[in-house]
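Reviewing the structure listed below.
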């Protein structure tokens, strides 16, 4: 049975919390006819539910709210300015997302990338 570290202790994972799945992919490398060589790769994908450590729920909820507000702001700015390229969106939004909304670096980048995708989709309608 697999184990996971959680709040400094190891806990057994239940069957409902981990979903392993196997995927087999065949690839022909070279040759023709009877000379063909075939290789098989095997990939394991594991999906699991995770949660914040005890005591961090408020911090996580605060980050989620700031991200939501930052995303709404980013969509509005991108549509109003017509900045539909990644570089323009970065120049317009990165420092604002970091300073005004207090997002970590990676969250700020994810935010303006998601806003860009939403704005492009909305403008195509």
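Taken together, the values in this text are just the output of simple stated rules run on the coordinates, not laboratory data. Note that the coordinates shown come from a computational prediction; the quantities given were computed from them, not determined experimentally. Cβ placement follows ideal geometry from the backbone for every residue including glycine, while neighbour counts extend to all protein chains displayed.
Some notes on this structure:
- Reciprocal mean inverse distance between Cα atoms of the stretch 57-124 - Kirkwood radius, Å: 11.8
- Footprinting exposure proxy for 99, 114 (fewest neighbouring C-beta atoms within 10 Å first): 99, 114
- Highest average first, the peptides 76-87, 100-111 ordered by how many other beta carbon atoms sit within 10 Å of their residues are 100-111, 76-87.
- Extended-chain gain in nm, criterion 0.36 nm per residue less alpha-carbon gap, residue 113 and residue 72: 13.5 nm
- C-alpha center-to-center spacing [the stretch 90-125, the stretch 75-89] in angstrom: 9
- The distance between label points at residue 98 and residue 58 comes to 2.8 nm (points 7 Å beyond Cα on the Cα→Cβ vector).
- Here the spin labels are modelled as points 7 Å beyond Cα on the Cα-Cβ line, and at residue 125 and residue 91 they lie 2.9 nm apart.
- Taking every C-alpha pair closer than 8 Å and separated by at least 6 residues, the mean separation divided by the residue count of the stretch 57-124 gives a relative contact order of 44 percent.
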